[in-house]
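Please treat every number below as a calculation from the coordinates, not as lab data. Predicted model only: the values in this text are computed from it and were never measured. Cβ atoms come from the backbone with ideal geometry, glycine included; neighbour counts cover every protein chain shown.
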């Protein structure tokens with residue numbers, strides 16, 4: 001089993017939602033299935049800036 005984790009952002013406009021669907025479709029075409037999405041804090045620049053919340057998609061290929 002192979003996993004892939006990638007950030008997908010934290011705010012979604014209508015265009016972003018379409019782009020996200022396209023990204024999921026692109027991953028599916030090479031054999032990955034969306035497993036789950038989780039929220040996390042990413043530190044700011046050099047670890048001292050303001051942290052931001054983002055979401056990560058986890059894909060799995062069997």
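Assorted remarks:
- Relative packing of 54-62, 24-32, 38-46, which averages over residues the other C-beta atoms within 10 Å, highest first: 54-62, 24-32, 38-46
- Using a Förster distance of 35 Å, the FRET efficiency for residue 2-residue 46 (Cβ separation, nearest 0.05): 0.65
- Pair residue 39, residue 58: separation of 7 Å Cα→Cβ label points (nm): 1.7 nm
- Two-decimal Rg to Rh for the chain - Kirkwood Rh, Cα set: 1.05
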